[in-house]
Amino acid sequence: MRQILLNPGPVTLSPRVRSALLKPDLCHREAEFATLQRTIRERLLAIYGLDGHDWAAVVITGSGTAAVEAMISSLVPRTGALLVAENGVYGERMRSIAQRYAIDTISVVADWRSPIAVAAVDAALRAHSRVTHVAAVHHETTTGRLNELAPLAAVCRAHGVELLLDAVSSFGAERIDFEDWPIAACAATANKCLHGVPGASFVIARRRALAAAAAPKRTLYLDLDGYLTQQDSGGTPFTQAVQPFYALDEALAEFFEDGGWSARRTRYRERQAAVLETLLSLGVDPLLAAQESSCVLRAFRLPDGVDYATLHDGLKDRGFVIYAGQGALASEIFRISTMGEINADDLKRLREALVAELSSARRARSTDAL
Ligand SMILES: *Cc1c(COP(=O)(O)O)cnc(C)c1O
């Protein structure tokens, strides 16, 4: 049976991306690898139409968190400070990364169900003039919230500070306004909206932000400036994940053939609407309203009497892997992401699987009530 991943990455691969993994063995010091890496870097910039004079894509080996860690550890200056605007697990993770590197960190926490506390960020920036960067998560995968960045960007601009963005689960499927938002860098990965495999991730940064990177450096392996120097001349400081790079290159070719990020957003929205309609008809409600949500993932309230493990296992037996809630939301929600290679037949089978699993749960509840 075809198994579909509805977790927020890794995703179900297309046949083309899967077969790219079988390309010839390749040494990362050969010309073919230099071409592969250069093509990937150019394609990553092309997704949002970025000019290579002002922006650079730095490709590293590691999961999305490696890219986020590279961004924070490399770009906050030794004399600077980072304000982290949190409203979920991934905002917390950015704070933890900064603290591990002993970066001067101020955190502005909002409830996981709420938007970023922009007024509190404004007040904190007023109180702490040493802050040079604000870190935020674009799509907070914890709840499926697409954080509204325009108001945060306006506050950053007013205080002359720049944004470090975790765009790991939005890059390639949501609007990222590289012109209007004061973005120094954003971190993302191959295996979410770009439909590659885990192992390759990247940071898109302003070249002048990389030139002003922290000195002395805090990290050897995740030093973005070091990667940039070598990658601009066709090299790499360390062995890269060659097969995931092959897969990312193929995934990017497919991405552009499919129409780019806005076409991907349209497709994800259509899939999400189909899932939502089914779940609403079964009496299952979304955690957040549509206008607060990303196109990538929705969180749904677990109905009374339905336990996550039972729902997960039942759906898995039918070929679909869903995702649990994290932290305090673990007992309250489940999550469904609609990235990856999902066709109309998969969606139809998903509908049948949800109806089968959740109407039996509903029946069990109504019997209990008798
Ligand atoms: C998936 C994800 C990450 C990175 O997770 P990894 O397991 O390291 O790939 C970071 N931030 C967000 C918002 C994510 O969704």
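The values are calculated or read from the model by the stated rules, or taken from the named source; none is laboratory data. Given the structure is predicted, the values throughout are model-derived calculations rather than measurements. All Cβ positions, glycine included, derive from the backbone under ideal geometry; neighbour counts span all protein chains shown.
Working carefully through the options A120, A153, A185, A167, find the one that is touching a Leu at 6+ places or on another chain (Cβ under 6 Å) and in contact (Cβ under 8 Å) with a residue 12 or more places away in the chain. Walk me through it before giving the result.
Working: A120 fails: touching a Leu at 6+ places or on another chain (Cβ under 6 Å); A153 fails: touching a Leu at 6+ places or on another chain (Cβ under 6 Å); A167 fails: touching a Leu at 6+ places or on another chain (Cβ under 6 Å).
Result: A185 is the single residue among A120, A153, A185, A167 that is touching a Leu at 6+ places or on another chain (Cβ under 6 Å) and in contact (Cβ under 8 Å) with a residue 12 or more places away in the chain.
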In region 181-207, the residues that are within 12 Å of the ligand (Cβ to nearest atom) and aliphatic (A, V, I, L, M): A187, A188, A190, V197, A200
Counted residues, region 257-287 - those being in a helix (DSSP H, G or I) and at positive phi: 1
Failed item in (1) modelled with pLDDT of 95 or more; (2) within 23 Å of the chain's Cα centre (by Cα); (3) more than 15 Å from V284 (Cβ to Cβ), with R349 passing the rest: (2)
Selection from region 288-308 of residues that are out of contact with any Asp or Glu (no Cβ under 7 Å at 6 or more places or on another chain), surrounded by fewer than 20 Cβ atoms within 10 Å (Cβ to Cβ) and not in a loop (DSSP other than H, G, I, E, B): A290, Q291, E292, Y308
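For region 201-216, indicate whether the set of residues that are part of a loop (DSSP other than H, G, I, E, B) and modelled with pLDDT of 95 or more is non-empty.
Within region 201-216, none of the residues are part of a loop (DSSP other than H, G, I, E, B) and modelled with pLDDT of 95 or more.
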Enumeration of residues in region 65-121 that are away from the ligand (no atom under 12 Å from the Cβ) and among the acidic types (D, E): D104, D111
Residue within region 221-236 that is within 16 Å of the ligand (Cβ to nearest atom) and either in contact with a helix residue (DSSP H, G or I) (Cβ under 6 Å, 6 or more places away or on another chain) or farther than 28 Å from F33 by Cβ (or both) present: yes
Selected residue (criterion: surrounded by the fewest Cβ atoms within 10 Å (Cβ to Cβ)) from residues of region 323-347 that are more than 17 Å from E140 (Cα to Cα) and among the aliphatic types (A, V, I, L, M): A344
Test for F178: is it more than 16 Å from the ligand (Cβ to nearest atom), in contact (Cβ under 8 Å) with a residue 40 or more places away in the chain, under 22 Å from the mean Cα position of the chain (by Cα) and surrounded by fewer than 16 Cβ atoms within 10 Å (Cβ to Cβ): no
All positions within region 311-356 that are touching a residue at least 12 places away in the same chain (Cβ under 8 Å) and over 28 Å from R264 (Cβ atoms): G314, G327, A328, A330, S331, E332, A356
